[in-house]
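First the structure, in the form of structure tokens, and then the observations on it.
The values are calculated or read from the model by the stated rules, or taken from the named source; none is laboratory data. Note that this is a predicted model, so its numbers are computed, not measured. Cβ placement follows ideal geometry from the backbone for every residue including glycine, while neighbour counts extend to all protein chains displayed.
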Amino acid sequence: MRHRADLAFRVLALATLVLALVTLVALVMDVLADGAGRLDWQFLTSLASRRAEDAGIYHALAGSIWVIVLTAALALPLGVAAAVYLEEYGTNSRLARFIEINIANLAAVPSIIYGLLGLGLFVRAMGMGRSVMAGAATLALLALPVVILSTREALRTVPKSIREGSYALGATKWQTIWHQVLPMAFPGILTGLILSLSRAIGETAPLITIGALTYVPFAPDGVWSPFTVLPIQIFNWVSRPQAAFKENAAAGILVLMALLLAMNASAVFLRDRFQRQGRS
């Protein structure tokens, strides 16, 4: 009976995987059919326009890159610091339990709530306005639970013998963490960061809530500039009645997918490189 149940679960999992792949291929082929003809250098380097044939994606692409880079810069140190404290210092303390409860709560919060929090905290209370920094800080809160959880898992994979050997040579706890534990756990930390950024780069609701613009005829030139991002620009084009804007939206989806694939490919390359260095 157990063998039959295991076989049934495997067949079900395989069928689900095949269905997901078929659906993904169908969606990609549909987007390619609609947007491949619009995708050219002029589309990538032009700014927003009310005429579909003149509209480009450069302003939204630049805004997405600004926001994602700043989100990583904010989420990575905070997430790693929280994970290190929970795993290495705060075992069974009240503060650690309080942080763990809040991490679990943050992981279950809908993304629109992060937008409301960012609007009240970053845009109004801290006076950041509708800037790239406000958007990045909001998405950093969205990414933090994944970064913290993945970092904790990566820290747990480091053998205790590494720590004990470092202590035996006279290293302090912080020296052991900084020079031994974190380098060995870095591939897992990087994987969690990319997973969280992959979610953040596709978010629309939090950024619209904090006031990211749907029509921006310029690219951001600093962290305090108004901005838009690729998902918002795609949403703006899809909402237009003209068929030409639907083609622009499909081309924008292809650009977003290419950016996402480039991020994941970079993560895989860096993870494999650090893993080889760790083995050597």
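Residue-wise test of (1) under 16 Å from the mean Cα position of the chain (by Cα); (2) assigned to a helix (DSSP H, G or I).
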{"position": "Leu78", "(1), (2)": "yes, yes"}
{"position": "Val84", "(1), (2)": "no, yes"}
{"position": "Phe98", "(1), (2)": "no, yes"}
{"position": "Asn105", "(1), (2)": "no, yes"}
{"position": "Gly115", "(1), (2)": "yes, yes"}
{"position": "Gly127", "(1), (2)": "no, no"}
{"position": "Leu144", "(1), (2)": "yes, yes"}
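For Val67, the conditions (1) without any contact (Cβ under 8 Å) to a residue 40 or more places away in the chain; (2) over 25 Å from Val181 (Cα atoms) all hold with the exception of (1). Of all residues in the stretch 38-92, those satisfying the criterion of being β-branched (Val, Ile, Thr) and either modelled with pLDDT of 90 or more or closer than 30 Å to Leu144 by Cα (or both) are Ile57, Ile65, Val67, Ile68, Val69, Thr71, Val80, Val84, Thr91.
For (1) among the aliphatic types (A, V, I, L, M); (2) closer than 30 Å to Ala258 by Cα, each residue gets a yes or a no:
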position	(1), (2)
Glu53	no, yes
Ala75	yes, yes
Tyr85	no, no
Ile99	yes, no
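Hey, can you tell me all the residues within the stretch 1-60 that are assigned to a loop (DSSP other than H, G, I, E, B), touching a Phe, Trp or Tyr at 6+ places or on another chain (Cβ under 8 Å) and either among the hydroxyl-bearing types (Ser, Thr, Tyr) or in contact (Cβ under 8 Å) with a residue 24 or more places away in the chain (or both)? Residues satisfying the conditions are Ser46, Leu47, Ala48, Ala52, Ala55, Ile57. Scanning the stretch 217-264 for residues that are surrounded by 16 or more Cβ atoms within 10 Å (Cβ to Cβ) and polar (S, T, N, Q) yields Ser225, Thr228, Gln233, Asn236, Asn248. A single member of Thr138, Thr204, Thr151, Thr191 is closer than 20 Å to Leu256 by Cβ, surrounded by 15 or more Cβ atoms within 10 Å (Cβ to Cβ) and either of a type in the set (Asp, Glu) or touching a residue at least 40 places away in the same chain (Cβ under 8 Å) (or both), and it is Thr138. Against the criterion of being at negative phi and surrounded by 17 or more Cβ atoms within 10 Å (Cβ to Cβ), Val158 qualifies. Within the stretch 129-142, the set of residues being under 21 Å from the mean Cα position of the chain (by Cα) and within 13 Å of Ala212 (Cβ to Cβ) comprises Arg130, Ser131, Val132, Met133, Ala134, Gly135, Ala136, Ala137, Thr138, Leu139.
Does Val216 fit the bill of being under 25 Å from Arg124 (Cβ atoms) and touching a His at 6+ places or on another chain (Cβ under 6 Å)? So Val216 fits the description; yes.
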